[in-house]
Amino acid sequence: MSTAQMSAGAEFFSSLSQNFKKLPMWAQSFTNAVLGMSILLLLWWLGGLAIASNPDTAAFADFAPGPTFSALGYMLETGSLWETIYSSLYRIAIGLFWGIVIGVPVGVMMGYFLAVRQVANMPFQFLRMVSPLAWMPIAVLAFETWDAAIIFLIVMATVWPIVFGTAHGVQRIDPNWFRVARNLGADGFQMLRRVIMPAIAQDVFAGIRLAIGVAWVVLVPAEYLGVTSGLGYAINDARDVLEYDTLAAIVVVIGVIGYLLDAIAVFLIKRYSWHAS
């Protein structure tokens, strides 16, 4: 390739980049998302071709995009997928609810009271570093039902990001806010309602976002327990009967739902961000 051709190519891409930056932000975001997903699908398709062309891995050819989306369409058409999704979302919702109910008050106390933070920081950091799945044998022994055991594991996954996110938010509050509130006669409840909670909303939702990500990862192996519903159970069942197209379809569903849950959390963070435009 000549120098002139290389220069022309560089100018073309430079012009293309400049024109792209002139587009509205939503158009840029949409274009980037489409491009990223197209690359991912291309890599998936090439991986499927490689698997199918190798005699040693040809049995797993149904992991390719074609069989996967065909199985996904069938599951949506028959309605068998909706109950599976509902079971998993129910467990996530209950576990996240208790994670918030426990995590936010504990985080507020850690952030507001220095003595509580000094005493609780080390044991909480210790417990935070224990994998939620490590509690599985204890959960099975402590709870009467498999559902309750799974919800406990999700609580153990969600509570720590919320605790530390909330505590960090309280510590960031300007002390002058508290002085002004006291001078205006605010009592403890009013201080919590009018000063602390509005100030830490962004941090709480950031902690919830992290908690959702951890919980969604923990959910699938947790549902390998004795339950007969949920996305984790469906993956395990598809593996046992060698329905690899169905297994891959469920993986796609897990990714889509996880992305939507994260998008909701991001929306709430932006909604309560002081710097949001």
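For this structure, a couple of remarks:
- The angle separating the long axis of helix 244-271 from the principal Cα axis of greatest extent in the chain is about 40 degrees.
- For region 147-248, the carbon plus sulfur part of the accessible surface works out to 58%, probe radius 1.4 Å.
- 0 to 90° range, to nearest 10: angle between helix 114-128 axis and the chain longest Cα axis: 30 degrees
- Sorted peptide list for 166-175, 203-212, criterion being average Cβ within 10 angstrom, highest first: 203-212, 166-175
- Calculated [222 nm] ellipticity per residue, helices only, for the chain: -27000 deg cm²/dmol; basis is -39500 (n - 2.57) per DSSP H run with n ≥ 4, divided by all residues, nearest 500.
- Tilt relative to the chain, helix 25-53 - C-alpha long axis, 0 to 90 degrees, to 10: 50 degrees
- Candidates Ala238, Ala222, Ala142: whichever shows maximal mean-square fluctuation once the chain is modelled as a Gaussian network with Cα springs under 10 Å: Ala142
- Computed from the alpha carbon atoms alone, the convex hull of region 69-271 holds 131 Å³ per residue.
- Spin-label model distance (nm) - Phe267 vs Leu40, 7 Å beyond Cα toward Cβ: 1.9 nm
- FRET efficiency for Arg239 and Asn183, using Cβ-Cβ distance with R0 set to 41 Å, rounded to 0.05: 0.05
- Working from label points 7 Å from Cα in the Cα-to-Cβ sense, the Phe143 to Val251 distance is 2.7 nm.
The values are calculated or read from the model by the stated rules, or taken from the named source; none is laboratory data. All values derive from a computational prediction rather than experimental measurement. Glycine also receives a Cβ, built like all others from the backbone with ideal geometry; neighbour counts cover every protein chain displayed. Please note that ligands, DNA and RNA were not included when accessible areas were found on the heavy atoms of the full protein model with its side chains. Shrake-Rupley method; radii C 1.70, N 1.55, O 1.52, S 1.80 Å.
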